[in-house]
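I have placed the structure first, in the form of structure tokens, so that the comments after it can refer back to it.
The values are calculated or read from the model by the stated rules, or taken from the named source; none is laboratory data. Because the structure is predicted, anything quoted here is derived from the model rather than measured. Using ideal geometry, Cβ is built from the backbone for each residue, glycine included, and neighbour counts are taken over all protein chains shown.
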Number of protein chains: 2
Amino acid sequence: MFRTFLIACAMAPSALAAEASAPVTIVIHGGAGALEKGRYTPTEEEAYKATLSEALDAGYAVLEGGGSALDAVETAIILMEDSPLFNAGRGAVFTHEGKNELDASIMDGRTKAAGAAAGLTHVKNPIRLARAVMEKSPHVMMIGAGAEEFARRQGMDFVKPSYFRTELRWRQYKDALKKEKEAADEEKESDAPHDFKYGTVGAAALDAAGNLAAGTSTGGMTLKRYGRVGDAPIIGAGTFADNESCAVSATGWGEYFIRLTVARDICAQVEYGGKSIAAATTDVIHNRLQQSGGDGGVIVLAPDGSFVMDFNSAGMFRGVKQGDRKEVAIYRE
Amino acid sequence: MFRTFLIACAMAPSALAAEASAPVTIVIHGGAGALEKGRYTPTEEEAYKATLSEALDAGYAVLEGGGSALDAVETAIILMEDSPLFNAGRGAVFTHEGKNELDASIMDGRTKAAGAAAGLTHVKNPIRLARAVMEKSPHVMMIGAGAEEFARRQGMDFVKPSYFRTELRWRQYKDALKKEKEAADEEKESDAPHDFKYGTVGAAALDAAGNLAAGTSTGGMTLKRYGRVGDAPIIGAGTFADNESCAVSATGWGEYFIRLTVARDICAQVEYGGKSIAAATTDVIHNRLQQSGGDGGVIVLAPDGSFVMDFNSAGMFRGVKQGDRKEVAIYRE
């Protein structure tokens, strides 16, 4: 339905030389969705791009300093969680009951260790908790009040639920509620949730030691109910990383990303099908996801430093930094 | 570490003829773990085998009557949830706080629709709720109190938390708590949770229309804390089904099954690697899972009616019914 926007850049000429010469790289996204040109004013666009740029710089600085891919991913995501612009941490969308419920996950491509947390309401930086679950517990996934009890014992920063609230998101929530009510009155299905189901932040990084990592953090879908969880905290759906294949963070209509195990499927096509990350991503996003009726996008990073930022929605907040190359973008270009 | 127990049975001589001639089949498991011979008395063994046999018969009757693979999977799992013998529904293990918290998921291989629920404390049959999430909501996964609110609106059977409690599980819980305390006093890590982290029920079925389905239900790990969720409710980890490759339900040390996306990985090796389900399962269970330090097992069913029941633990409660063939087993044999 939309033409592909795709950057695929193989940096290393030979597979053998790849790992030694692979450039440290960070790729990020800030959500995909109905981002047609003109949706944002030039001032708003600049604000988004400035924050994406800042997140890239912060993550890249970690890598340049010899830090790990995991640290770079966490650093970039924390910056986007703390920004009110993105649907993660501060600025998260509201549930049907007017609350913010946050999910995140992270995975280490070197060890395949992973951590995830869902249904958080007081943890300032969900990606930090996902990492603590990975590194400080024998578990991979924790949910709800139990996850927050663990976070408290880990000494993580807690905030009042009102910290996550921004006036823009609150107005969007009220609008969505109103649209839902109007649709109910007219006995038709509301299209409001569809328009508001996007927005998630994520990062994938490759460090100087040749290790990959990926992470994802989200406030989920506006008007979500019943403890709904999307793909962001699901290893294999929203996040996957394996040094043997690739690192992926996804954003979009989470239900489809879970059913298709999008992040794992891209890496599996690389691992077992011998595809490039570009070919694997094209198949998953433009064939499988498209045919199933889902939409959204992914960032994908390979051990040789090649990367893809691809989506089948109108746009995706995204950026990459690798050596002298730095790009941020919102729309199809 | 243990010799493989494996049944692989290709029923159709040619791939082309496979779908038309594939026999309706149901495969089930009731958990894998440290099931050395002699762990159970002959009377206990008979009780387990009788319930496995009953679940096979109930699921197979659905298939023989022209029912769907989904219905067969749900029917067999409900029977095991209702039995106090297995760690799912009634007879679930206890959390660290002495509660029963239940998780389940189900997937339709025809449509790749899926449903999952986690952190349930009052829903009598978690697998029914997983199916309702799949069929009666736009979501794939719901957790905690929100999931139970949805279940209530769907008119599902609710029970008091005490319904799930059995005296055997309560004694195991008290023993595990005591072992944990002793270990803490001696400042060493307790091995109690390791011994009690198994037990999950699951089923995979192939119906007369050639459709696959899989489902999994569990009470999780004894002494689990902090809202820990294992692989059972994670699509791609504990459950996966796709008519194009295979249907899988897993049981074992859930953290490893999530990291390795075990259910999806087996189907991905079939789909992209051109492997048989037997070869794919051997690689995932005996190479990847084994090397990572995890243990447990899977049941796998292919569109041609071939199936595998394999594990790297000492035993796995399991059974299959296909035409005149019916088998139930516990130990390696």
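A few comments on the model shown:
- Of the residues making up the stretch A:234-274, those that are part of a loop (DSSP other than H, G, I, E, B) and more than 9 Å from chain B (Cβ to nearest Cβ) are A:G238, A:D242, A:N243, A:E244, A:S245, A:C246, A:W253.
- For the stretch A:223-233, a tally of residues being more than 7 Å from every other protein chain (Cβ to nearest Cβ) and small (G, A, S) returns 2.
- Scanning the stretch A:55-94 for residues that are over 17 Å from A:K321 (Cβ atoms) and acidic (D, E) yields A:E81, A:D82.
- Selected residue [aliphatic (A, V, I, L, M) and either surrounded by fewer than 24 Cβ atoms within 10 Å (Cβ to Cβ) or in contact (Cβ under 8 Å) with a residue 60 or more places away in the chain (or both)] from A:A263, A:A213: A:A213
- Exactly one residue out of B:T239, B:T218 is surrounded by 24 or more Cβ atoms within 10 Å (Cβ to Cβ), hydroxyl-bearing (S, T, Y) and either more than 12 Å from the chain's Cα centre (by Cα) or more than 18 Å from B:V93 (Cβ to Cβ) (or both), and it is B:T239.
- Residues of the stretch B:313-333 classified as among the polar types (S, T, N, Q) and at pLDDT below 95, total: 1
- Of the strands (runs of 3 or more DSSP E) lying entirely inside the stretch B:98-162, those carrying at least 3 residues that are closer than 25 Å to B:M221 by Cα and in contact with a helix residue (DSSP H, G or I) (Cβ under 6 Å, 6 or more places away or on another chain) are B:102-108, B:114-120.
- Number of residues in the stretch B:101-126 that are buried (at least 24 other Cβ atoms within 10 Å of the Cβ) and at negative phi equals 18.
- Qualifying residue in the stretch B:292-300 (condition: touching a residue at least 40 places away in the same chain (Cβ under 8 Å), of a type in the set (A, V, I, L, M, F, W, C), surrounded by fewer than 24 Cβ atoms within 10 Å (Cβ to Cβ) and more than 10 Å from every other protein chain (Cβ to nearest Cβ)): no
- Some residue of the stretch A:34-44 being crowded, with 20+ Cβ neighbours inside 10 Å and at pLDDT 90 or above: no
- Subset of the stretch B:123-155 that is β-branched (V, I, T) and within 11 Å of chain A (Cβ to nearest Cβ) - its residue that is nearest to A:M142 (Cα to Cα): B:I143
- Identity of the residue in the stretch A:163-176, charged (D, E, K, R) and either within 13 Å of another protein chain (Cβ to nearest Cβ) or part of a helix (DSSP H, G or I) (or both), that ends up farthest from A:K224 (Cα to Cα): A:E167
- Residue within the stretch B:94-111 that is without any contact (Cβ under 8 Å) to a residue 60 or more places away in the chain and small (G, A, S) present: no
- When we screen A:A61, A:A92, A:A88 for residues that are buried (at least 24 other Cβ atoms within 10 Å of the Cβ) and more than 17 Å from A:I299 (Cβ to Cβ), the only hit is A:A92.
- Test: B:A214 is within 14 Å of another protein chain (Cβ to nearest Cβ) and either at pLDDT 95 or above or not in a strand (DSSP E or B) (or both): yes
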